[in-house]
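Q: Encoded as structure tokens, here's the structure I'll be asking about.
The values are calculated or read from the model by the stated rules, or taken from the named source; none is laboratory data. In this text, all values refer to a predicted model and were calculated from it rather than measured experimentally. Because the Cβ atoms are built from the backbone with ideal geometry, glycine has one as well, and the counts that use them run over all protein chains shown. Keep in mind that these areas ignore ligands, DNA and RNA; they rest on the heavy atoms of the full protein, side chains included. Shrake-Rupley method; radii C 1.70, N 1.55, O 1.52, S 1.80 Å.
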Amino acid sequence: MGSTSDKAKGYANEVAGTVKKTVGDVVGNDRLVVEGEVQKIKGEGQVAVGNAKDAVKEGANKVADAINRKL
């Protein structure tokens, strides 16, 4: 999975989790609150993975550019 895909799924899970948690709070459903919080955290993790992939790719590109300049 690419970094953009990871981030998109992550943001979607963050939003869905926030909605679930809010609905759980409103209706007094503790299970829904917990599920929402877990889904939100999962989304945050997916976004972090996407950001890490971007950072690694950027670093690799910089190294490749530096090597190509020396050749």
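Q: Among the residues of the range 15-26, is any under 30 Å from Glu58 (Cβ atoms) and of a type in the set (A, V, I, L, M, F, W, C)?
A: Here is the first cut: in the range 15-26, the ones under 30 Å from Glu58 (Cβ atoms) are 15-18.
Filter once more, so that each one left must be of a type in the set (A, V, I, L, M, F, W, C): 15-16.
Yes, some residue in the range 15-26 is under 30 Å from Glu58 (Cβ atoms) and of a type in the set (A, V, I, L, M, F, W, C).
Q: Here is a further query. Of the conditions (1) open to solvent by less than 70 Å² (accessible area, probe 1.4 Å); (2) outside any helix (DSSP H, G or I), Met1 clears all except one; give me its number.
A: Met1 satisfies every listed condition except (1).
Q: Picking from Ala60, Ala16, Ala52, Ala48, which residue would you name as being surrounded by fewer than 11 Cβ atoms within 10 Å (Cβ to Cβ) and part of a helix (DSSP H, G or I)?
A: Details: Ala16 fails: surrounded by fewer than 11 Cβ atoms within 10 Å (Cβ to Cβ); Ala52 fails: surrounded by fewer than 11 Cβ atoms within 10 Å (Cβ to Cβ); Ala48 fails: surrounded by fewer than 11 Cβ atoms within 10 Å (Cβ to Cβ).
Exactly one residue qualifies, and that residue is Ala60.
Q: Would you pick out the residues in the range 29-39 that are open to solvent by less than 60 Å² (accessible area, probe 1.4 Å) and either in contact with a strand residue (DSSP E or B) (Cβ under 7 Å, 6 or more places away or on another chain) or farther than 23 Å from Ala52 by Cα (or both)?
A: The answer is Asn29, Leu32, Val33, Gly36.
Q: Restricting attention to the range 28-45, and to residues there that are assigned to a helix (DSSP H, G or I) and farther than 20 Å from Gly10 by Cα, which single residue is farthest from the chain's Cα centre (by Cα)?
A: Initially, the range 28-45 is screened for residues assigned to a helix (DSSP H, G or I), giving 30-45.
Narrowing the set further to residues that are farther than 20 Å from Gly10 by Cα leaves 30-31.
Values: Asp30: 25, Arg31: 23 Å.
Among those residues, the one meeting the criterion is Asp30.
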